[in-house]
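Below is one structure, written out as structure tokens; comments come after it.
Bear in mind that the values in this text are calculations on the coordinates, not laboratory data. Keep in mind that this is a model prediction, so the values were computed, not measured. Cβ sites come from the backbone with ideal geometry, for glycine too, and all protein chains shown count toward neighbours.
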Amino acid sequence: MNSLHFSVKGSKTNPALVFLHGFMGNSNDWGYITSALSEQYYCISVDLPGHGMSQALKPDIRHGFRQVHRLLEHTLKHLGVREYSLVGYSLGGRLAAFHASLKPKGLKALILESAHPGLDDDAQKTARLNHDEKWAIRLRQEPFEQVLQDWYQQPIFANLSELERQHQIEIKRQYDPKPLGAMLEATSLARQIDLSDKLVKLELPIALVVGSEDTKFATIAEELLGKLRQGRRYQIAGAGHNTHVAKPDQFIEIVRKFLAESQQANK
């Protein structure tokens, strides 16, 4: 089996901390975060299938979540990592939650940033699948520049300034849109099982990180928090969906605090 493309920072003698980026992102998205944390942790950032240097890994339309789970396990084995904590943003958070739900050996803590646990309503799933398939078709057929302009007009990005919006578009212009469309279909929220009950049953410290301006996901995190055995919720003031970009230093402090407290509680 292939491995996900990865980049590492820090010493292998430190605790391993693995990062999964969001849709249309790549491992470089975590650069500032991993540089700051690399003195304490062995930071591993991966490119998801269809993204970055993992573009050649074709997303499995029927088993996208399990595919990433297997690839992540293989990548960690290749790196000789036996114990690790996992950080996931948005799509990466949903994939991280699925990975954790399968109770992989060695996972010590889970940090979910702006991540949806899943839909439990068939009508919502149908609507979401239609939504994601329309975007996937556009990514395959239409000029990428126009698709990007429209993508960043969605409500979830409402907190971005026009300068920030154009900056994100400039970064994404270099990508191949077709693998992105395939990954969007393979890992649609509509294809994700509702992970709430599985996360509740985990004997694992779980952090839920949200931005105060992202009211939808702030509410989702609040509802999930009440069910978790070892859950903690962190809300970053002035941040929207992507808290680690909007307020990186606050995000770093949350990661440090949560992992330190989790390690102390497990002694």
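For a quick check, take a GNM of the chain with Cα springs below 10 Å and name the residue from Ala221, Ala96, Ala237 with the largest mean-square fluctuation. Evaluated over the chain, the most mobile residue of the options is Ala237. Shape of the range 124-243 from its Cα gyration tensor (a ≥ b ≥ c, root eigenvalues): rounded if a/c is under 1.5, otherwise prolate when a/b > b/c, or oblate? Note, shape of the range 124-243 comes out oblate.
Using a ≥ b ≥ c from the Cα gyration tensor of the range 1-135 (square roots of the eigenvalues), is it rounded, prolate or oblate, where a/c under 1.5 gives rounded and otherwise the larger of a/b and b/c decides, a/b for prolate? In terms of gyration-tensor shape, prolate. If the label point is 7 Å along Cα→Cβ of Arg256, which residues in the range 16-57 have backbone nitrogen under 13 Å from it? From the range 16-57, the list is 33-41. The loop-placed trypsin sites (Lys or Arg not before Pro) in the range 1-62, going by DSSP, that have at most 14 neighbouring Cβ atoms within 10 Å of their Cβ come out as Lys12, Arg62. Each part gets one Cα centre, and for the range 248-264 versus the range 11-26 those centres are 15 Å apart.
Treating r as the C-beta distance of Ser11 and Glu162 and R0 as 35 Å, the FRET efficiency rounds to 0.25. Under 5 Å between amide hydrogens, built in the peptide plane, is the criterion, and for Leu57 it picks out Gly50 among residues at least 5 positions away or on other chains. Exposure here means at most 12 other Cβ atoms within 10 Å; with GluC sites (Glu not before Pro) in a DSSP loop as sites, the longest stretch of the chain lacking them is 84-202. Relative contact order, whole percent, for the chain stands at 19, derived from Cα pairs under 8 Å and 6 or more residues apart. Shape class for the range 1-56: oblate, because the ratio a/c of the largest to smallest gyration tensor axis (alpha-carbon atoms, square roots of eigenvalues) is 1.5 or more and b/c is at least a/b.
Pairs spanning more than 27 Å between alpha-carbon atoms, out of Lys103/Lys125; Lys172/Lys216; Lys227/Lys257; Lys9/Lys125: Lys9/Lys125.
The distance between label points at Asp194 and His131 comes to 1.7 nm (points 7 Å beyond Cα on the Cα→Cβ vector).
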